[in-house]
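Each remark here refers to the structure printed beneath this line.
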Amino acid sequence: MLNIHHLVVKAGDAIILKGIDLHIKPGEVHAIMGPNGSGKSTLANTLSGRAGYEIVSGSVSFQGQDLLSLAPEIRAREGFFLGFQYPVEIPGVGNMYFLRAALNAIRKHRGEPEIDALDFLTLAKEKMKLLELDETLTKRSVNEGFSGGEKKRNEIFQMALLQPKFALLDEIDSGLDIDALRIVANGVNSLRGPERSFLLITHYQRLLDYIVPDYVHVLFHGKIAKSGGKELALELEEKGYGWIEEIAKKSGDA
Amino acid sequence: MTKQRDQISGSCATDISAREEDSSHAIKQLTEQEYKYGFVTEIEEDSFAPGLDESVVVRLSEKKREPQWLLDFRIKAFRRWLTMEEPRWAFLRYPTIDYQAASYYSAPKKKKTLQSLDEVDPELIETYNKLGISLEEQKRLQGVAVDAVFDSVSVATTFREELARQGILFCSFSDAVQTYPDLVKKYLGSVVPYSDNFFATLNSAVFSDGSFAYIPKGVRCPMELSTYFRINAANTGQFERTLLIADEGGYVSYLEGCTAPMRDENQLHAAVVELVALDSAHIKYSTVQNWYPGNKKGIGGIYNLVTKRGKAMKNAKISWTQVETGSAITWKYPSCLLVGDNSVGEFYSVAMTNNFQQADTGTKMIHIGKNTSSTIVSKGISAGRSQNSYRGLVSIQQKATGARNYSQCDSLLLGDQCGAHTFPYIEVRNTSSVVEHEASTSKINEEQLFYCQQRGISIENAISLIVNGFCKEVLRELPMEFAVEAQNLLGLQLEGTVG
């Protein structure tokens, strides 16, 4: 599904990602953890095509295509979804109108007919139930005046509608209370399937109690310092990142 | 009394990155769309030779077989005009206009008096078809009555008889002079006096045609009335005059559209619109202005120098909504004289400029009666090398106790070579009134663009979407029939189709 080879990325004058390797197969859920400044958001931004990042070396293939050569909207239409850490407000643009425009852009790319307003509304209402979103959402502008929790639930709602093949969720748990976390996790879990993969970026092990990953990676100073199963997250929770630093130093020396 | 003048100029610092180039490329594409209405209709026209003196005014009046009082009105205006100077206070730069170079009358030749629409020159019918305005009976837009003004004359008015059954008078201004002289005489110049300003005074002397409507007491006009202005002839100025009267408790929604061929010379358009809303009447006046804006290098285009004003009596309401996308130069301030107690004035405006267009537009809300209120919402979008200014006056007179005004002026910059300016003037002469003014200037937001793109939306559509959202408060004021045209003009997709 997604293969990252020796990815080195510069932001401004600093090299942030110092050679990342990651291989995600269809149906797998991976989690990336790591302290602040380790490069988690740079990875998300680079993969989704945000401006301001320079690829120094390495490559990313997504379903056999060279992901980094595609415009951000083409990545999205090919099934790459980014759940934003800070979803932006777009005043005056109706949430439903926005989503229908997005869904139709994706459908058109796939050669499918556009969905009409009524069918879309039916579909949207069904997905809104899943995220326990209030119906007033249909009448509001994109993220405008949404609470932190509503914004995050709206991201997962969008994912449920757009049905991507791969979703990168950047700190989807930040700012959520325990009920909202459960709802978001249920939304994600309901979308898990043999054809769809996920990459979760998080600071907290708590999220992984709800969305149980197949693999956990620890990002440290721009490199994946350690990979393991879901138990690695528990170990991090218990010990902090100090021991990872030791490992990173050793591998750096070697 | 306070007077305030502040200027917010915008040209944002450039931060060159691949994305910025992407978005500026998209903005370029969006703003470089060809003008679709630039064709010329080949039709024989009956025109005056260029030049302007009193004899032209007399000949014009004779041509239209006008009564003496109207000729007197014109002559009085013309003599006044000769003593006036062209105003130069607007934030507009253009060469001095040679008023002798233009022709002051041009009309399609017709062989005889028209008995019905079937006798309208097929070339004209075709012209309006191309513009998306059907004058033919079977294809008419449901619920909209149209007066089609071609150069100096009205060529057709639809649904006249149907409206007449309810006592609504809707016809060309020239027809009204002949058929309803008392009404015209009573109200002509009652809101915009012949001596009002340089361009309005010129119009008062040489206006050729326009639309006239009268809504009787307590009648709610069942359809949208509209005028479609078309400039066709070269070197001709268009000076139309519109007069709308809503009698006590009457209601009318009026639409105005305008286009012109692409020509290298600048053409003059100096219109006057007068609205009279008697006690408890409500007039809603919407404009989609799409005169030829000139080419990408700033050659050609219409000089749109327009005086629009409404007078609202007791409990009356006047709403102006405008979408201004055309013209090389726009000088336009649709205003409300809130004379009667509790009267309401509204001004909703979207002004979009690109290439070398310049717009200086806004409104004047003059509060005279007690407890009068006004709302101003202005959205300016600048692209290319254009300059876009909002200029507005809120004046609260001494006797206008309890008056309220709310103004909001937002500017959006696309690219880094354009300018947005705000000139709000506020005068308050009593202590019981409340005036609020909010202004903002922003550059199109890269975060918003990226968010749209990450959902699969192309950058062109993302810009449309964001611009549309920016204008939403104004666009939703437009009648349905016009909303579609406005959205196409702005290169936008209207939201709100779902939910």
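Structural remarks
- Minimum 40 Å² accessible area buried by the other protein chains, the range A:41-60 residues, probe 1.4 Å, relative to alone: A:R50, A:A51
- Taking amide H as placed 1.01 Å from N in the peptide plane, A:G83 has its amide H under 5 Å from the amide H of A:L168, A:L169, A:D170, each at least 5 places away in sequence or on another chain.
- In this structure, the residue pairs whose Cα-Cα separation is over 29 Å, taken from B:K297/B:K364; B:K297/B:K443; A:K18/A:K108; A:K165/A:K239, are B:K297/B:K364; A:K18/A:K108; A:K165/A:K239.
- Measuring heavy-atom accessible area with a 1.4 angstrom probe and counting protein chains only, the residues of the range B:451-469 that give up at least 40 Å² relative to the chain alone are B:Y451, B:Q453, B:Q454, B:R455, B:G456, B:I457, B:L465.
- Note on the range A:42-121 and the range B:303-363: Cα centroid distance 41 Å, given to the nearest whole angstrom.
- Helices in chain A that qualify as membrane-span-like (whole DSSP H runs, Cα extent of at least 18 Å along the helix axis, mean Kyte-Doolittle hydropathy of 0.5 or higher) are A:178-191.
- Interface area, A with B, accessible, probe 1.4 Å, both sides summed, Å² nearest 100: 2600 Å²
The values are calculated or read from the model by the stated rules, or taken from the named source; none is laboratory data. Just so it is clear, the model here is predicted, and its values are computed rather than measured. Side chains included, ligands, DNA and RNA excluded: accessible areas come from the protein's heavy atoms. Shrake-Rupley method; radii C 1.70, N 1.55, O 1.52, S 1.80 Å.
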